[in-house]
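Here's the structure, in structure tokens; my notes come after.
The values are calculated or read from the model by the stated rules, or taken from the named source; none is laboratory data. Being a predicted model, the structure only gives us computed values, none of them experimental. As a convention, Cβ positions derive from the backbone with ideal geometry for all residues, glycine included, and neighbour counts pool all protein chains shown. The area values use the complete protein model at the heavy-atom level, side chains included, leaving out ligands, DNA and RNA. Shrake-Rupley method; radii C 1.70, N 1.55, O 1.52, S 1.80 Å.
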Amino acid sequence: AVVSTQSTGGCLDDLMGTINDPFGIAVSQVQDWKSERFPINSTQLLIHLWKQEENRLGVLSDKEGAIMNLSRPLESQRSKFEKEKWRNERDPKLLEEREEEESEDEDESSNSLYSKVQMAPLNNNSSNPVLTDAITKIDLRDKIYSVFLKVGFQNHNNLTILEQVTLMLIEQYLNLRVGEKWQDVTEELYTENVQPTPSDLELINTALAKSTASAQNLHNRQREVIQGNIQVQLQSERAMYDQIKIHNQLKREVNSPRLSEVSLNLRGDDDKPSTNTTKFNVPPLYRV
């Protein structure tokens, strides 16, 4: 399923390119697309795929969809594990032990990626695990962001709060990704004990500060949308509570003993015979 989703996302992005779609026909079709089976449009589908990809990669976010890790809001748990593994591999002591082990097994070529690809079966009944693993490492968020660049980030209606917050994240994807790459460069320089020049250090610090500011700004705007929705829900609950109070008050007034006594008195006055003895003068013409 992951491989199929990756391939579909890549094909969709390629079809919407300027070379394959010079007149924007594919872009307009994607913008106007609506599912015949589910009440969703293309924007909601892309956002759903984004959240699905985040869950697969293990990206942290709160229950409303807002980013949690301001330093690395896009980082996946898998990427974090691979970076820690790379740092451990660069450790001098571990590096010496590994070189000794590799010297003993240098004649064995079956461990190379090329040999694994050649030896693994590739037919309709079985898949190539090396190729599958390579495809699953592809981040589908790159393709989703590229599609949104073509269809635009504005004028998307009927989105839930979670979808609105996620769309805000997608719009800032490139800036956040660049910021994380600068952090990777900084960490690699530190691991390799490389001291950057003053001009390079100033450039790195400026890029890191810009990345942190972008992440903080995104987080603040996401929280504003979430808090605004909470206030709307509270107002709706208060209005419903006020209606319930008015209904209960009217119900108590109808069932109150005083109102019942008044109703009975009015009903009793209607049952009494009339005591009106007013006499009317009959005209002479109609007298007998």
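A few points about this structure:
- Residue in the range 29-73 that is least open to solvent (accessible area, probe 1.4 Å), counting only those that are out of contact with any strand residue (DSSP E or B) (no Cβ under 9 Å at 6 or more places or on another chain) and among the hydroxyl-bearing types (Ser, Thr, Tyr): Thr43
- Test: residue in the range 182-192 that is touching a residue at least 40 places away in the same chain (Cβ under 8 Å), farther than 14 Å from Ser71 by Cα and in a helix (DSSP H, G or I): yes
- If only residues of the range 2-48 that are assigned to a helix (DSSP H, G or I) and of a type in the set (D, E, K, R) are counted, the one that is modelled with the highest pLDDT is Asp32.
- Meets criteria (closer than 30 Å to Lys34 by Cβ and either in a loop (DSSP other than H, G, I, E, B) or out of contact with any helix residue (DSSP H, G or I) (no Cβ under 7 Å at 6 or more places or on another chain) (or both)) for Asn155: yes
- Qualifying residue in the range 220-237 (condition: assigned to a loop (DSSP other than H, G, I, E, B) and farther than 21 Å from Asn55 by Cβ): no
- Some residue of the range 56-68 being on the phi > 0 side of the Ramachandran plot and in contact (Cβ under 8 Å) with a residue 60 or more places away in the chain: yes
- Taken over the range 168-217, residues that are acidic (Asp, Glu) and under 25 Å from the mean Cα position of the chain (by Cα) amount to 2.
- The one condition in (1) more than 27 Å from Gly65 (Cβ to Cβ); (2) open to solvent by 30 Å² or more (accessible area, probe 1.4 Å); (3) free of Cβ contacts under 8 Å to residues at least 24 places away in the same chain that Ala209 fails to fulfil: (1)
- Count of the range 49-67 residues which are touching a helix residue (DSSP H, G or I) at 6+ places or on another chain (Cβ under 9 Å), part of a helix (DSSP H, G or I), farther than 16 Å from Tyr145 by Cα and modelled with pLDDT of 90 or more: 0
- Residue, nearest to Asp139 (Cα to Cα), within the range 165-191, restricted to residues that are charged (D, E, K, R) and open to solvent by 80 Å² or more (accessible area, probe 1.4 Å): Lys181
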